[in-house]
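The values are calculated or read from the model by the stated rules, or taken from the named source; none is laboratory data. Only a predicted model underlies this, so the values are computations on that prediction, with no experimental measurement involved. Ideal geometry is used to build each Cβ from the backbone, glycine not excepted, and the neighbour counts take in all protein chains shown. The protein model used for the area step is the full one, side chains on, heavy atoms only, and it has no ligands, DNA or RNA in it. Shrake-Rupley method; radii C 1.70, N 1.55, O 1.52, S 1.80 Å.
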Amino acid sequence: MQILYDHQIFARQKYGGISKYFCELIKNLPPDCRFELSLLVSDNQYLKEAHSYFKKTNIPIPEKKFKGEGFLKRNLYNLNRRYSSHVISHRNYDLLHPTYFDTYFLKDLRKPFIITVHDLIEFKFKEQFNNNPLMPQMEMIIRTANRIIAISEHTKTDIIDLFSIDPGKIDVIYHGFNRPRQYQEPNRLGGYILFVGKRGGYKNFSTFIKAISPLLKKENGLQLICAGMPFSAQEITELTNLKILEKTKVFGVNEKELNKLYANALAFVYPSLYEGFGMPILEAFVNECPVCLSNSSSFPEVAGDAGMYFDPARPESILNAVEKVIYDADFSNEIVSKGISRLKKFSWKYCSEQTCISYEKTIS
């Protein structure tokens, strides 16, 4: 069986859960499931780290803003898009698995296609996305796909409720996790709370920093470490007004560095209002990092009883949860132990095997 994956998410993301998902999915495909990735150039970190496997050209783009950045990114994306269109039209394959929701391929496609739906955040929080022009394309792809993979039961329910899709057309396949190499390196950052990923809108970063600011000011040696893009001017203003700017750092990190951040954190906090799955939960579990997280969307489905839950809309609930984990060592050790056990439910090998079963259903 020959599967074609297109350029979309690898041309859009340097880091991110969706590009990590596709990278790991492809790397763990069974031997009888072959692949082609219709991508010429990318700045994606996961492809770069697995260059010997994917053999794609990496063009490093600075994380800081620079003159001509938009022009460069648009031209690289359009180059990849044209190449994907050519491959879709002319190559021999059994099934297309597009990596995002651009409808460009529909006019040229003569084979069945399957789509993975990670979440429907744009439809749940329309006001934050200003009627994103991608939303009609997402809906068209979801309605047109021969089969759909949902990454959680929660996401499957959203698909059914929002688009009236036949449940029999949807397969729920959980993400897996990467077991990192253990590094015996000292923690040079001191005590810190960890936040990972994007911070805008539904990610609830603003409420989170308001919630923990009293704790950061009370504990002299405690910091907030963020793994992700540099702070925006608005975020710097918020942190300054809360008087915690000096106690907050942000790092752009690779996979190895991110695992070290999890491993040494007093707690990983995930205050998002909505996620289709929540990959950082598994990343924290595998690095034996205690997890504080929202009691909403797919989080209870993924984390089970291996985390300290809070109401993401209530700052005092967030603060109480973080303090419980930081100050109660027995409780912290208990949820870490439960997190390690919880990982047995999630494996990239199993994810890829189940995905190939979905591919076979789609083709047949």
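Considering the conditions (1) part of a helix (DSSP H, G or I); (2) surrounded by fewer than 17 Cβ atoms within 10 Å (Cβ to Cβ); (3) acidic (Asp, Glu), Glu24 is excluded by exactly one of them, (2). Looking only at residues of region 149-168 that are in a helix (DSSP H, G or I) and in contact with a strand residue (DSSP E or B) (Cβ under 7 Å, 6 or more places away or on another chain), we find that the one that is surrounded by the most Cβ atoms within 10 Å (Cβ to Cβ) is Thr155.
So that you can scan it fast, the table gives a plain yes or no per residue for (1) outside any loop (DSSP other than H, G, I, E, B); (2) open to solvent by 60 Å² or more (accessible area, probe 1.4 Å); (3) of a type in the set (S, T, N, Q):
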position: Lys48; (1), (2), (3): yes, yes, no
position: Leu76; (1), (2), (3): yes, no, no
position: Arg82; (1), (2), (3): yes, yes, no
position: Leu109; (1), (2), (3): no, no, no
position: Met138; (1), (2), (3): yes, no, no
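Picking from residues in region 200-229 that are modelled with pLDDT under 95, open to solvent by less than 70 Å² (accessible area, probe 1.4 Å) and in a loop (DSSP other than H, G, I, E, B), the one that is farthest from Leu266 (Cα to Cα) is Gly200.
Mind telling me which of the residues Gly307, Gly339, Gly252, Gly276 ends up being of a type in the set (Gly, Ala, Ser) and touching a Ser or Thr at 6+ places or on another chain (Cβ under 6 Å)? Break it down into steps so the answer makes sense when it comes.
Numbers: Gly307 fails: touching a Ser or Thr at 6+ places or on another chain (Cβ under 6 Å); Gly339 fails: touching a Ser or Thr at 6+ places or on another chain (Cβ under 6 Å); Gly252 fails: touching a Ser or Thr at 6+ places or on another chain (Cβ under 6 Å).
From the options Gly307, Gly339, Gly252, Gly276, the qualifying one is Gly276.
Could you check region 299-320 and list, in sequence order, the residues that are open to solvent by less than 40 Å² (accessible area, probe 1.4 Å) and farther than 16 Å from Leu222 by Cα? First the steps, then the outcome.
From region 299-320, those open to solvent by less than 40 Å² (accessible area, probe 1.4 Å) are 299, 302-304, 306-307, 310, 312, 317-319; that's our starting set.
Within region 299-320, Phe299, Val302, Ala303, Gly304, Ala306, Gly307, Phe310, Pro312, Ser317, Ile318 meet the criteria.
Can you confirm whether region 112-125 contains a residue that is among the hydroxyl-bearing types (Ser, Thr, Tyr) and either part of a loop (DSSP other than H, G, I, E, B) or more than 22 Å from Leu29 (Cβ to Cβ) (or both)? Within region 112-125, none of the residues are among the hydroxyl-bearing types (Ser, Thr, Tyr) and either part of a loop (DSSP other than H, G, I, E, B) or more than 22 Å from Leu29 (Cβ to Cβ) (or both). Quick one: is Lys14 part of a helix (DSSP H, G or I), within 21 Å of the chain's Cα centre (by Cα) and either more than 30 Å from Arg199 (Cβ to Cβ) or among the basic types (Lys, Arg) (or both)? Spelling it out, it is not the case that Lys14 is part of a helix (DSSP H, G or I), within 21 Å of the chain's Cα centre (by Cα) and either more than 30 Å from Arg199 (Cβ to Cβ) or among the basic types (Lys, Arg) (or both).
Inside region 246-298, can you point out the residues that are of a type in the set (S, T, N, Q) and either open to solvent by less than 20 Å² (accessible area, probe 1.4 Å) or farther than 18 Å from Gly176 by Cβ (or both)? Let's see the steps before the verdict.
Step one: filter region 246-298 for residues of a type in the set (S, T, N, Q), giving 248, 254, 259, 264, 272, 287, 294-298.
The answer is Thr248, Asn254, Asn264, Ser272, Asn287, Ser294, Asn295, Ser296, Ser297, Ser298.
Select, from Phe22, Phe54, the only residue that is out of contact with any Leu (no Cβ under 7 Å at 6 or more places or on another chain), aromatic (Phe, Trp, Tyr) and within 25 Å of Cys356 (Cα to Cα). Let's see the steps before the verdict.
Values: Phe54 fails: out of contact with any Leu (no Cβ under 7 Å at 6 or more places or on another chain).
Just a single option satisfies the conditions, and that option is Phe22.
Within region 99-130, restricting attention to residues that are out of contact with any Asp or Glu (no Cβ under 9 Å at 6 or more places or on another chain) and acidic (Asp, Glu), which residue is nearest to Thr157 (Cα to Cα)? If we take residues in region 99-130 being out of contact with any Asp or Glu (no Cβ under 9 Å at 6 or more places or on another chain) and acidic (Asp, Glu), then Glu122 is nearest to Thr157 (Cα to Cα).
Beta carbons closer than 9 Å, at least 6 apart along the sequence or on distinct chains, pair a first residue in region 135-151 that is touching a residue at least 12 places away in the same chain (Cβ under 8 Å) and at negative phi with a second that is buried (at least 18 other Cβ atoms within 10 Å of the Cβ) and among the basic types (Lys, Arg) for Ile148/Lys156; Ala150/Lys156.
Right, Leu293: over 20 Å from Thr207 (Cβ atoms) and touching a helix residue (DSSP H, G or I) at 6+ places or on another chain (Cβ under 9 Å) or not? Outline the logic, then answer.
Values: over 20 Å from Thr207 (Cβ atoms): no; touching a helix residue (DSSP H, G or I) at 6+ places or on another chain (Cβ under 9 Å): yes.
No.
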